Amino acid sequence: MIKKQRLMGRRVFLFSLGTLASLAAVATGNKLRHLNNSLQALDNEERDFTVIGEATLRDRAAAKKLIYGAASDYRYLSIAPQFAASFAQECGMLVPENDLKWKTLRPTPESFNFTQGDWLAKFAFDHNMLFRGHTLVWHEALPPWFKDTVNSQNALGILLKHIETVVGHYAGKIHSWDVVNEVILPKDGRSDGLRNTPWLQLLGPDYIDIAFRAAAKADPQALLIYNDYGLDYDTPEHEAKRVAVLNLLKRLKSMGTPIHAFGMQAHLQGHETRFNPKKLKAFLQEVANLGLKILITEMDVTDQKLPLDAKVRDRIIAGAYEDYLSAVLDEPAVIAVLTWGLSDRYTWLSEFKSRGDKAPIRTLPLDEQLKRKLAWNAIARAFDKASEREV
Ligand code: G3I
């Protein structure tokens, strides 16, 4: 009897396993069909990305009193002369991707390493480019010694020493600083929407105002920026973050914090269909109404969930760049656009958002051989269509 029951039990178990597997297959199939349908909607083979002339992105932006730049690091610019030449041609601004973060600048609690940062500052100066700093206060890229050394007694002194030393070191050479980076995370559940970072735990919410005041004292000429991501699309998560970021900016302005601009990172998703230009422009207008300038600080478009076909990927990615930039450049307070890298040869996405098929990423204006792609055309077209900025 028991054997029969066991047999029955096994059959029921296998049947339900089979049912679950087929339900999962249906769900996956539906998801793939949905993705394929939306990708077909995103890919318009007839879309025109024609650009007039050969002028560089740097010159097209400058013609409208805008700035175009990109992120790079010493480890790329110092070893690849052709890449460095393309960078100096196409970019009017350089922002270190990693070389001005704590992990690079602070080998020990007592010391500073400005070697890479100084090399990049000189590269920018030698090529008549603007130089921007990223980033003074962040919960990532902290040096290994941080968690065992910094505590609630010494945190304020360590933070002030860092900002005074680093901002002082580059004073007069920096266009702008990302003073504070990515401190909003509504899902951490705080009423002020703040991310539960080590700095918040150590110093409380005032660390943000403290950081801006220290930076303003160390370099009164630099534009001081709050920088964040995940604000681009018409989704509940991005909407909640836009509300929380706006509330932070309003709080800082009401406290008299010396904040001058907002950095919108714009790490976009090539497969995302929920882009609503009206909502995005409304958010940017509310930021501008606080008297803040706006920089698009880290733009790229991941192709992780796009088809393998490079022609399809390039069209969809170019469309995302042009649609987004056409919307944001309608806001007169937007003064600069930087991509998070210039060439697909050096993109963080290869490591952090690689494709399942391991195909090389095609996210940035230049391909791995430094040739201009449709993404380059899209950005050029957006600058050509933009209105001239009031300086
Ligand atoms: O340089 C070391 C190398 O010596 C070591 O062998 C290697 C071991 O993994 O690590 C290397 O450091 C890496 C560094 O990039 C330079 O490649 C770090 O592990 C890695 O975490 C770091 O990732 C950077 C990430 O920020 C974290 O700092 C990415 O390159 C960078 O693109 C990314 O940029 C961030 C912005 O700062 C803020 N906004 C989001 C953006 C994307 O995450």
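Could you list all residues from region 188-228 that are of a type outside the set (S, T, N, Q), surrounded by fewer than 19 Cβ atoms within 10 Å (Cβ to Cβ) and free of Cβ contacts under 8 Å to residues at least 40 places away in the same chain?
Scanning region 188-228 gives ASP188, GLY189, ARG190, GLY204, PRO205, ASP206, PRO220.
Let me confirm something: among LYS253, LYS241, which residue is of a type outside the set (A, V, I, L, M), part of a helix (DSSP H, G or I), in contact (Cβ under 8 Å) with a residue 24 or more places away in the chain and crowded, with 16+ Cβ neighbours inside 10 Å?
Sole residue among the options that is of a type outside the set (A, V, I, L, M), part of a helix (DSSP H, G or I), in contact (Cβ under 8 Å) with a residue 24 or more places away in the chain and crowded, with 16+ Cβ neighbours inside 10 Å: LYS241.
In region 212-224, is there at least one residue being closer than 25 Å to HIS267 by Cβ and in a helix (DSSP H, G or I)?
Within region 212-224, one or more residues are closer than 25 Å to HIS267 by Cβ and in a helix (DSSP H, G or I).
Could you tell me which numbered condition PRO258 fails, if it satisfies all but one of (1) away from the ligand (no atom under 16 Å from the Cβ); (2) part of a helix (DSSP H, G or I)?
In the conditions (1) away from the ligand (no atom under 16 Å from the Cβ); (2) part of a helix (DSSP H, G or I), PRO258 misses (2) alone.
Among the listed residues VAL166, VAL179, identify the single one that is assigned to a helix (DSSP H, G or I), within 16 Å of the ligand (Cβ to nearest atom) and either touching a residue at least 40 places away in the same chain (Cβ under 8 Å) or surrounded by 14 or more Cβ atoms within 10 Å (Cβ to Cβ) (or both).
Just a single option satisfies the conditions, and that option is VAL166.
Could you check, for region 58-67, whether at least one of its residues is exposed (fewer than 15 other Cβ atoms within 10 Å of the Cβ), acidic (Asp, Glu) and away from the ligand (no atom under 16 Å from the Cβ)?
So far as region 58-67 goes, no, none of its residues is exposed (fewer than 15 other Cβ atoms within 10 Å of the Cβ), acidic (Asp, Glu) and away from the ligand (no atom under 16 Å from the Cβ).
Could you check how many residues of region 364-391 are closer than 18 Å to ASP303 by Cα, among the acidic types (Asp, Glu) and in contact (Cβ under 8 Å) with a residue 60 or more places away in the chain?
Counting residues in region 364-391 that are closer than 18 Å to ASP303 by Cα, among the acidic types (Asp, Glu) and in contact (Cβ under 8 Å) with a residue 60 or more places away in the chain gives 0.
Pick from HIS139, HIS134, HIS175: which is under 19 Å from the mean Cα position of the chain (by Cα) and over 25 Å from TYR68 (Cβ atoms)?
HIS139
Out of the helices (runs of 4 or more DSSP H) lying entirely within region 273-363, which hold 3 or more residues that are open to solvent by 20 Å² or more (accessible area, probe 1.4 Å), without any contact (Cβ under 8 Å) to a residue 12 or more places away in the chain and away from the ligand (no atom under 16 Å from the Cβ)?
Result: empty, no element qualifies.
Inside region 196-230, can you point out the residues that are within 16 Å of the ligand (Cβ to nearest atom) and among the acidic types (Asp, Glu)?
ASP228
The values are calculated or read from the model by the stated rules, or taken from the named source; none is laboratory data. Computed from a predicted model, the values in this text were never measured in an experiment. With ideal geometry, Cβ positions are generated from the backbone for all residues, glycine too; neighbour counts draw on all protein chains shown. Only protein heavy atoms, including side chains, enter the accessible area calculation; ligands, DNA and RNA are left aside. Shrake-Rupley method; radii C 1.70, N 1.55, O 1.52, S 1.80 Å.
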